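Step one of this worksheet: look at the structure below.
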There are 2 protein chains.
Amino acid sequence: MTLFRGLSAFPLTPTDAEGHVDTEGLARFLERIQRAGADSIGLLGSTGGYAYLTREERKRAVQAAVECIGGKTPLVVGVGALRTDEAQALARDAKSAGADGLLLAPMSYVPLNEDEVFQHFVAVAEAGELPLCIYNNPSTTRFTFSDALIARLSEVSNIVAVKMPLAANDDYAGELARLRSMTPDTFTIGYSGDWGAADALLAGCDTWYSVAAGLLAVPALALTRAAQSGDAVESTRLNRAFGPLWTLFKHYGSFRVMFVIADYLGLAHVQPPRPILPLPEDAGDDIKQALEKLK
Amino acid sequence: MTLFRGLSAFPLTPTDAEGHVDTEGLARFLERIQRAGADSIGLLGSTGGYAYLTREERKRAVQAAVECIGGKTPLVVGVGALRTDEAQALARDAKSAGADGLLLAPMSYVPLNEDEVFQHFVAVAEAGELPLCIYNNPSTTRFTFSDALIARLSEVSNIVAVKMPLAANDDYAGELARLRSMTPDTFTIGYSGDWGAADALLAGCDTWYSVAAGLLAVPALALTRAAQSGDAVESTRLNRAFGPLWTLFKHYGSFRVMFVIADYLGLAHVQPPRPILPLPEDAGDDIKQALEKLK
């Protein structure tokens, strides 16, 4: 089962200005990922703009994805919501529509404490009845998981993986050793923050949860396989080719950059949900140059 | 017009476990604030749990409030949402239902930049066609307004006030002087973070946007009037009586504490929206003691 192992590609969810999902555009993204051979698809992640879509549109997106993927690539679906009952409903929707796994970020408005996040995860994992990955993403949720909370959650039924942000001081080996000592052997530990992926994979993490792979799965998979096989020279070379893109991700935020790439590749002419604004024209030139490097 | 001046009291919005507003419970809160003589009511603020309610329930709450208040106290309504079009719709709903002013926080998932927040505010202020207060609350929105952005927004049609968080180093006089020099004379500057209110009012701010006043408007108004009249001795004495409550607000978060107070006062036996958990029993005893101090 590669559900929470290897390369997980996170596509955008193309929508119109009112937030209605363009299911044909989405299918083009998914087919591209599938053709490249990514290990799983992370639908409705942060890159998939789940936070900006209604329950109904999220259901439509999952149904369209299941139809398009046809069980050939494991499908993980983001079910985060500010309310526990809403996240539970989203988890049930995803399961009914045919998702293989769930991804849950502790979205917050009132800052949450550890007990609240724990209870929230238990409730959603129970409702979803699917393998669930903890989405640890302090930059969007404003909640930082302690090692102890991850360990406590790793003992909960259905919770089988964690998606971590960039490790402090790039110490992936240290963080992995620490988390592995506190979690079951079957619990997988992966990373997001694309520019840290080569280091994290070389340090032995289980999964790269990748924004770039949502549109650039071929080079992302090459990097993943090189790093998984322990080939530091080749993975460093491939990661260097991504360098200009990582710089733009850090500068503009990867979410905004991906819309420009989708347009440039001729896959979908869509814009991010307002209040997020499209990038200025001159950013487009830099992005094109970054993509040239990856050819 | 006292819409964005003096004491603005922010009530809880009582709901059932599914997020349906208990309009009778809400009316009890509003009548209590009105009897105390607060200068305005801030409905569906952070304390009012707006982030956890659907558009339909928020509309019901505003309609119930307008009916209950009957125009006797200015009514400000929070219209924050993650999407610009949704915040615009909420602003139109609030105006149609009879609100007097709007309060807008830049809710975010993907972190926003200054231009995005500026455009968002322009769009909502235009849609709402009511005086609007900028809700600067980094602890819930993860967006910090620069002085320059507040100044830029203060020139926008309908944007007439700002609700600031606690000032850095308690330097309210310095911050007020700085912001006043950059904004129109008619633009009002108020503060939230109840434990800084006495200092902020004594330093000459225009408004106290108060969580405590949602249920304890009588002592909050006494403190406001003493500080507005420049009586440092009396306002310090009154603020000291609030001291134990401020300590609990800081420790547990004011949102969680207010539910216990509502129960203790016999006004509504309601709980916060999950994932936020009710406080443990022993917190109740501390809260009772803090309220005794205010009698």
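The values are calculated or read from the model by the stated rules, or taken from the named source; none is laboratory data. Computed from a prediction, not measured in an experiment: that's the story for all the values here. Here Cβ is always computed from backbone atoms with ideal geometry, including for glycine, and neighbour counts include all displayed protein chains. The area values use the complete protein model at the heavy-atom level, side chains included, leaving out ligands, DNA and RNA. Shrake-Rupley method; radii C 1.70, N 1.55, O 1.52, S 1.80 Å.
Being more than 20 Å from A:Ala9 (Cα to Cα), assigned to a helix (DSSP H, G or I) and within 13 Å of chain B (Cβ to nearest Cβ): is that true of A:Ala123 here?
For A:Ala123, the condition - more than 20 Å from A:Ala9 (Cα to Cα), assigned to a helix (DSSP H, G or I) and within 13 Å of chain B (Cβ to nearest Cβ) - is met.
Report every pair of residues separated by at least 6 positions or lying on different chains whose Cβ atoms are under 6 Å apart, first residue within the range A:137-149 and touching a residue at least 60 places away in the same chain (Cβ under 8 Å), second in a helix (DSSP H, G or I) and β-branched (Val, Ile, Thr).
Correct list of pairs: empty, since none qualify.
Taking the range B:105-125, which residues are touching a residue at least 24 places away in the same chain (Cβ under 8 Å) and under 24 Å from A:Phe143 (Cβ atoms)?
B:Ala105, B:Pro106, B:Met107, B:Ser108, B:Tyr109, B:Pro111, B:Leu112, B:Val117, B:His120
Check B:Arg83, B:Arg60, B:Arg142 and return the single one that is more than 14 Å from every other protein chain (Cβ to nearest Cβ) and open to solvent by 10 Å² or more (accessible area, probe 1.4 Å).
None of the other options fit; the residue is B:Arg60.
Please specify each residue of the range B:278-294 satisfying the condition of being in a loop (DSSP other than H, G, I, E, B), within 14 Å of chain A (Cβ to nearest Cβ) and at pLDDT below 95.
B:Pro280
Would you call A:Ser40 within 13 Å of chain B (Cβ to nearest Cβ) and buried (at least 24 other Cβ atoms within 10 Å of the Cβ)?
no
Please count how many residues of the range B:165-179 are more than 17 Å from the chain's Cα centre (by Cα), small (Gly, Ala, Ser) and not in a helix (DSSP H, G or I).
Total satisfying the criteria: 0.
Scan the range A:256-277 for residues that are of a type outside the set (Lys, Arg), farther than 18 Å from A:His20 by Cα, within 14 Å of chain B (Cβ to nearest Cβ) and open to solvent by 10 Å² or more (accessible area, probe 1.4 Å) and jot them down.
none
Filter the range B:180-209 down to residues that are surrounded by fewer than 19 Cβ atoms within 10 Å (Cβ to Cβ) and either small (Gly, Ala, Ser) or in a helix (DSSP H, G or I) (or both) and give me whichever is nearest to the chain's Cα centre (by Cα).
In this case the residue turns out to be B:Trp195.
Among A:Val162, A:Val156, which is the only one that is open to solvent by less than 60 Å² (accessible area, probe 1.4 Å), within 14 Å of the chain's Cα centre (by Cα) and more than 14 Å from chain B (Cβ to nearest Cβ)?
A:Val162
Going by the structure shown, is A:Ala241 part of a helix (DSSP H, G or I) and within 16 Å of the chain's Cα centre (by Cα)?
Judged against the criteria, A:Ala241 is not a match.
Restricting the search to the range A:1-28, which residues are open to solvent by less than 50 Å² (accessible area, probe 1.4 Å), in a loop (DSSP other than H, G, I, E, B) and modelled with pLDDT of 95 or more?
Across the range A:1-28, the qualifying residues are A:Phe4, A:Phe10, A:Pro11, A:Leu12, A:Thr13, A:Pro14, A:Gly19.
Only one of these is within 18 Å of the chain's Cα centre (by Cα) and either open to solvent by less than 10 Å² (accessible area, probe 1.4 Å) or within 12 Å of chain A (Cβ to nearest Cβ) (or both): B:Asn136, B:Asn113. Name it.
Just a single option satisfies the conditions, and that option is B:Asn136.
Which one is farthest from the other protein chains (Cβ to nearest Cβ) among residues in the range A:91-109 that are assigned to a helix (DSSP H, G or I) and open to solvent by less than 10 Å² (accessible area, probe 1.4 Å)?
Our first condition is that a residue be assigned to a helix (DSSP H, G or I); within the range A:91-109, this holds for A:91-97.
Checking the rest, the ones that are also open to solvent by less than 10 Å² (accessible area, probe 1.4 Å) come to A:91, A:94.
Numbers: A:Ala91: 14, A:Ala94: 19 Å.
The qualifying residue farthest from the other protein chains (Cβ to nearest Cβ) is A:Ala94.
Could you please find all residues in the range B:196-247 being among the polar types (S, T, N, Q) and touching a residue at least 12 places away in the same chain (Cβ under 8 Å)?
Across the range B:196-247, the qualifying residues are B:Thr207, B:Ser210, B:Thr224, B:Gln228, B:Ser235, B:Thr236, B:Asn239, B:Thr247.
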